[in-house]
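The values are calculated or read from the model by the stated rules, or taken from the named source; none is laboratory data. Just so it is clear, the model here is predicted, and its values are computed rather than measured. Neighbour counts are summed over all protein chains in view; Cβ atoms, including those assigned to glycine, are modelled from backbone coordinates with ideal geometry.
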Protein chains: 2
Amino acid sequence: MTEPNIIRIFSVDDHPLMHEGIAALINNQPDMEMVAEAFKGSDALAQFRLSQPDVTLMDLRLPDISGIDAMISILNEFPDARVIMLTMFEGDVEIRRALKSGACGYLLKTMPPKELVAVIRRVHAGKKHIPTEIAQNLAEHLGEETLTAREIEVLKCVAEGNRNRDIGEKLFISEETVKVHVKHIMDKLYASDRTQAVAIALRRGIIQL
Amino acid sequence: MTEPNIIRIFSVDDHPLMHEGIAALINNQPDMEMVAEAFKGSDALAQFRLSQPDVTLMDLRLPDISGIDAMISILNEFPDARVIMLTMFEGDVEIRRALKSGACGYLLKTMPPKELVAVIRRVHAGKKHIPTEIAQNLAEHLGEETLTAREIEVLKCVAEGNRNRDIGEKLFISEETVKVHVKHIMDKLYASDRTQAVAIALRRGIIQL
DNA sequence: GCGAAAATACCACTATTTAAGTATTGAAAA
DNA sequence: TTTTCAATACTTAAATAGTGGTATTTTCGC
């Protein structure tokens, strides 16, 4: 039914125009074929089941669930699925999470089309691929400690303008404990105060608005 | 040289894939034609001069200068240019600035392709177009006061984690004056503290990281 | 089970921010 | 030209945040 040696591609993206662009590019390659499209994370698994693609291009930011979670649900059922994360730009935290969760590549949408098809071929051949641009960003924060789940919870409250006392009440812990968390957060993010901590966390994708 | 009644379109976007998508869409329309492309804001004016398009699609976020500034430089030389701002999503401040600077429309990249071509036709016919989605967002912040240039300067320093005293030294004003500015900023943004002020300003596009 | 890391709590102290006023100056707008 | 707005400066007092300790409990990986 399908020709041999044709790389079957599935694209998940909520931007119809980006879909068009990717499809035009893919279908111009003699060794590639676009076999399915999804616009929402919740449709991705079903579409994957139907089309059984060789390579999946997954947008990180989707209207319903995160592209990473959509990928995880696919990998859960199809452990051999090869997924390339395709995104505008996110902080190092998202990249790390995507790779740790099993992504075979992580590409910026600003890349030249040639590079995209090259990476698709590499990934299809069983390799992993991270562009130097992104690898550099990863390296910058390599030795740095990551925030714990509790610290992120606290940081979100801080970003909402809550006082330490109110954060304590919300999370059912004492104000003193909140202070300790905030101090650890500032230390880990190299922030001089809570305000800069929030700004840095937003830039790095640790929290979102 | 060019057929009559064909809408000549110029696209400025730093995403090659988006370019492809837009071009594919445009060239599929019987009454439209893609006549030029630019990937940087600094190239936009020169390309415009060469191609003299009917409608320009301008990405807000470009690698070098802002899409708004690129549009302004075009409108400066060609006051009748019709520019549609095309973007992922930005805060209300950017939208306001784009429209005030002379944009004929402001579209989200998440829109269906049909809508894009419809808006291009409307704009080409001399109308302005803002989708309800965006109009709503604009309305939300309608009566709210805008920050002065000085307040934005101060706010940027706040976001960088500076103390009021240090901000004063940086901007050559007294710490007391900084306090007044910060107070006004918080009042205008309905923030309970400087931290939330920064978070809100980032979301609304008043400052960027 | 052991050791490490995380979350919790308390104390005491200092630094900083925030509130709520008044007031002067220059520039822009009506 | 008057009026408004923005920026500037000051004071006082209270609230909040940040620092540096110690210590207990739980959870997780080895």
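Residues considered: A:155, A:147. Of these, the only one that is more than 10 Å from DNA strand D (Cβ to nearest atom), touching a residue at least 24 places away in the same chain (Cβ under 8 Å), surrounded by 15 or more Cβ atoms within 10 Å (Cβ to Cβ) and assigned to a loop (DSSP other than H, G, I, E, B) is A:147. Across the stretch B:31-44, the number of residues qualifying as out of contact with any Gly (no Cβ under 7 Å at 6 or more places or on another chain), farther than 19 Å from residue B:120 by Cα and surrounded by 18 or more Cβ atoms within 10 Å (Cβ to Cβ) comes to 1. Report, ordered by the first and then the second residue, all pairs with beta carbons closer than 6 Å, sequence separation of six or more or different chains, a first member in the stretch B:168-193 that is more than 14 Å from every other protein chain (Cβ to nearest Cβ) and without any contact (Cβ under 8 Å) to a residue 40 or more places away in the chain, and a second member that is surrounded by 13 or more Cβ atoms within 10 Å (Cβ to Cβ) and not in a helix (DSSP H, G or I). These pairs meet every condition: B:168/B:174.
Condition check ((1) more than 8 Å from DNA strand D (Cβ to nearest atom); (2) among the acidic types (Asp, Glu); (3) modelled with pLDDT of 95 or more; (4) more than 19 Å from residue B:208 (Cα to Cα)) across all residues:
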residue	(1), (2), (3), (4)
A:161	yes, no, yes, no
A:173	yes, no, yes, yes
A:177	yes, no, yes, yes
A:186	no, no, yes, yes
A:195	no, no, yes, no
A:199	yes, no, yes, no
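Checking residue B:93 against (1) touching a residue at least 60 places away in the same chain (Cβ under 8 Å); (2) within 14 Å of chain A (Cβ to nearest Cβ), which single condition isn't satisfied? With (1) touching a residue at least 60 places away in the same chain (Cβ under 8 Å); (2) within 14 Å of chain A (Cβ to nearest Cβ) applied to residue B:93, the lone miss is (2).
Is there a residue being within 29 Å of residue B:117 (Cβ to Cβ), within 14 Å of another protein chain (Cβ to nearest Cβ), touching a Leu at 6+ places or on another chain (Cβ under 8 Å) and assigned to a loop (DSSP other than H, G, I, E, B) anywhere in the stretch A:68-86? No: the stretch A:68-86 contains no residue that is within 29 Å of residue B:117 (Cβ to Cβ), within 14 Å of another protein chain (Cβ to nearest Cβ), touching a Leu at 6+ places or on another chain (Cβ under 8 Å) and assigned to a loop (DSSP other than H, G, I, E, B).
For residue A:119, the stated conditions hold: it is away from DNA strand C (no atom under 16 Å from the Cβ), assigned to a helix (DSSP H, G or I), buried (at least 21 other Cβ atoms within 10 Å of the Cβ) and within 14 Å of another protein chain (Cβ to nearest Cβ).
Residues in the stretch B:103-116 that are closer than 22 Å to residue B:208 by Cβ and either more than 17 Å from the chain's Cα centre (by Cα) or outside any strand (DSSP E or B) (or both): B:103, B:109, B:110.
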